[in-house]
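Only one structure is covered here, and it is reproduced in the block below.
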Amino acid sequence: MATAAARTADLGNLWTLPGVYAPQADTRLLAQALRAEGVTADTDVLDVCTGSGALALLAARMGARVTATDISWRAVLTARMNAVRAGHRVRVRHGDLTGPVARQRFDLVVSNPPYVPTPHPHRPRRHRPAVAWDAGHRGRQAVDRICAHARDVLRPRGVLLMVHSGLCGVEETLRQLTGNGMRCSVADRSYVPFGPVLTERLTWLRDQGLIGPGEDKEELVVVRAERI
């Protein structure tokens, strides 16, 4: 089976099967926030929408006990393969968001979910690459559900770290998490040039008022929410 290498200096040498999201700027921004959490051998970490397993493996290297989930079987196989190659124990479960671990509790949940606004109203099929980024007209199909259910899989004082684009509404994320019993803030942000997916949709995004004339960068934001 053909594979493609995804090499990032700060996240190790990872491999991705075709159609699996490889580490990019959003992964690296979330990795910085993860490092700042002081993960130890006593920390139970959940990586939701693990993709290549980059963040799960980072947490494992920091000593944590790590579980990861993804709705794509290719991503599950990729994350398992990368864990074996790195020599780290990571439990990778197939399923939708926190569904596979609904009865478990964690100290830290990290997630880089699909968050790109799309003109297509329906969710892509699970074997399509777009399942890793397309998230409905507002880009919030996965983000809203994580906001609603993250608290259920966190222990008291547990923390959610989630990265998404400013295009899908940072204030809305903070509002929802606060309403669900979380103390939240923006932990980090950065601006990156539009990638191929957004570039293809610039006309539609401008028509929707999501991008202004002359804008050429996307804001990436890491939201930190602590269960009260």
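The values are calculated or read from the model by the stated rules, or taken from the named source; none is laboratory data. The model shown is predicted, which means the values in this text are computed figures rather than measured ones. Counting neighbours? That spans all protein chains shown, and the Cβs are built from the backbone with ideal geometry, glycine included. To get the accessible areas, we keep the full protein, side chains included, count just its heavy atoms, and leave off ligands, DNA and RNA. Shrake-Rupley method; radii C 1.70, N 1.55, O 1.52, S 1.80 Å.
Looking only at segment 48-57, how many residues end up being under 15 Å from ASN13 (Cβ atoms) and open to solvent by 10 Å² or more (accessible area, probe 1.4 Å)?
Matching residues across segment 48-57 total 0.
Condition check ((1) under 15 Å from the mean Cα position of the chain (by Cα); (2) more than 21 Å from LEU30 (Cβ to Cβ); (3) open to solvent by less than 70 Å² (accessible area, probe 1.4 Å)) across all residues:
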{"position": "ALA102", "(1), (2), (3)": "no, yes, yes"}
{"position": "PRO113", "(1), (2), (3)": "yes, no, yes"}
{"position": "VAL159", "(1), (2), (3)": "yes, no, yes"}
{"position": "GLU171", "(1), (2), (3)": "no, no, no"}
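In segment 63-88, how many are open to solvent by 70 Å² or more (accessible area, probe 1.4 Å) and more than 15 Å from SER52 (Cα to Cα)?
Within segment 63-88, residues that are open to solvent by 70 Å² or more (accessible area, probe 1.4 Å) and more than 15 Å from SER52 (Cα to Cα) number 1.
So, restricting to strands (runs of 3 or more DSSP E) that lie completely within segment 1-103, which ones have at least 3 residues that are at pLDDT 95 or above? Step through it out loud before you land on a result.
Details: elements: 4-8, 12-16, 44-48, 65-70, 90-94.
Of the strands (runs of 3 or more DSSP E) lying wholly inside segment 1-103, those with at least 3 residues that are at pLDDT 95 or above span 44-48, 65-70, 90-94.
Quick grid of which residues meet (1) open to solvent by less than 30 Å² (accessible area, probe 1.4 Å); (2) in contact (Cβ under 8 Å) with a residue 24 or more places away in the chain; (3) under 26 Å from ALA130 (Cα atoms); (4) among the hydrophobic types (A, V, I, L, M, F, W, C):
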{"site": "VAL186", "(1), (2), (3), (4)": "no, yes, no, yes"}
{"site": "TYR191", "(1), (2), (3), (4)": "no, yes, yes, no"}
{"site": "VAL197", "(1), (2), (3), (4)": "no, yes, yes, yes"}
{"site": "ARG201", "(1), (2), (3), (4)": "no, yes, yes, no"}
{"site": "TRP204", "(1), (2), (3), (4)": "no, yes, yes, yes"}
{"site": "GLY212", "(1), (2), (3), (4)": "yes, no, yes, no"}
{"site": "ALA225", "(1), (2), (3), (4)": "yes, yes, no, yes"}
